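Report on the structure given below.
The values are calculated or read from the model by the stated rules, or taken from the named source; none is laboratory data. Since we're looking at a predicted model, the values are computed, not measured. In this analysis, Cβ positions are derived from the backbone assuming ideal geometry, glycine residues included, and neighbour counts consider all displayed protein chains. Quick note on the areas: whole protein, heavy atoms, side chains included, nothing else; ligands and nucleic acids left out. Shrake-Rupley method; radii C 1.70, N 1.55, O 1.52, S 1.80 Å.
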Amino acid sequence: MTRIGAATAPVLLAALALSGCATSKNKADTQYVARDVSTLYNAGKYRLDRGQYKLAAALFDEVERQHPYSPWARRAQLMSAFSYYMNRDYNEAIGAAQRFLSIHTGNKDAPYAYYLIALCYYEQIADVTRDQKITQQSLDALGELIRRYPDTRYAADARLKLDLVNDHLAGKEMEVGRFYQRRGQWLAATLRFRTVIDKYQTTTHTPEALERLVESYLSLGIREEAQKAAAVLGRNYPGSKWYERSFKLMREHGGKA
């Protein structure tokens, strides 16, 4: 998927950057050597600015390891998470952000940590033909961010992303429902299409789900339920191809849409 959310990086970096500290261009070695906290932090910042994300993350991790009680360690935790995210090391990024939150839950940068976790799941959303565990994790993480910090700009972006996440989950239900239909397992198919209508009714899959409900109910001999689904489809999507198909089916079975 297209990487989303990197535009927020300059704001974070501006908030966390330490002004007036010189950076050595030749001292980014992460082998354990006792160094003062400013040297380590700025070595990581130097590498991050130059797109050397993995090395930057290692240096920020070293800040936390060598100076765990320093105020810089808190900043380094979040910078490490961001560096891992930029390197697409999503599991490491999630782990770093979660460590930050476990210690600094009330910190002003906590909303960004939650946002980063949600982005890591969001950017791993797979095609609907594959397992949707990551999609569900993305939904949960976005929901957690919105619940905890509803008035932040991160929550505003999360609400937009929820639409795509829900569309993916609905798409998975549709795929499974169509599979059951092809096998003539009409009741199982009906349950999947009902899930789309009940849980994901604002997604793009709803018109097709209603039409396939008409098909399934007619195949089960439940004409009255088929007519109800067709009526809902006609009322909400009167010009769609799915309504045309349901209308034709109802006519063929002696009913009306």
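Would you mind classifying the range 171-224 by shape? Square roots of the alpha carbon gyration tensor eigenvalues, ordered a ≥ b ≥ c; an a/c under 1.5 is rounded, otherwise it is prolate if a/b is larger than b/c and oblate if not.
Numbers: a/c = 2.20, a/b = 1.39, b/c = 1.58.
Because a/c hits 1.5 or more and a/b fails to exceed b/c, the range 171-224 counts as oblate.
What number comes out for accessible area per residue over the range 140-257 if the probe is 1.4 Å? Units Å², please. Walk me through the numbers on the way to the answer.
Values: 6460 Å² over 118 residues.
Dividing the accessible area of the range 140-257 by its residue count gives 55 Å².
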Distance in nm between pseudo-label sites at ARG235 and THR204 (7 Å out along the Cβ direction from Cα)
2.6
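Expected output is a single nm value to one decimal: the length gained when fully extending between ASP140 and ARG194, i.e. 0.36 nm times separation in residues minus the C-alpha distance. What is it?
Working: separation 54, 0.36 × 54 = 19.44 nm, distance 2.18 nm.
Going from the current span to full extension adds 17.3 nm.
At a 1.4 Å probe, what is the % contribution of carbon and sulfur to the accessible area of the range 33-84? Present the calculation step by step, with values, prior to reporting the outcome.
Details: 1060 of 2080 Å².
Result for the range 33-84: 51 percent of the exposed heavy-atom area is carbon or sulfur.
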So which of LYS161/LYS199; LYS161/LYS228; LYS108/LYS161; LYS161/LYS248 end up more than 25 Å apart by C-alpha?
LYS161/LYS228; LYS161/LYS248
So for the range 118-257, using the alpha carbon gyration tensor with a ≥ b ≥ c as root eigenvalues (a/c under 1.5 gives rounded; past that, a/b versus b/c decides prolate or oblate), I'd call it prolate
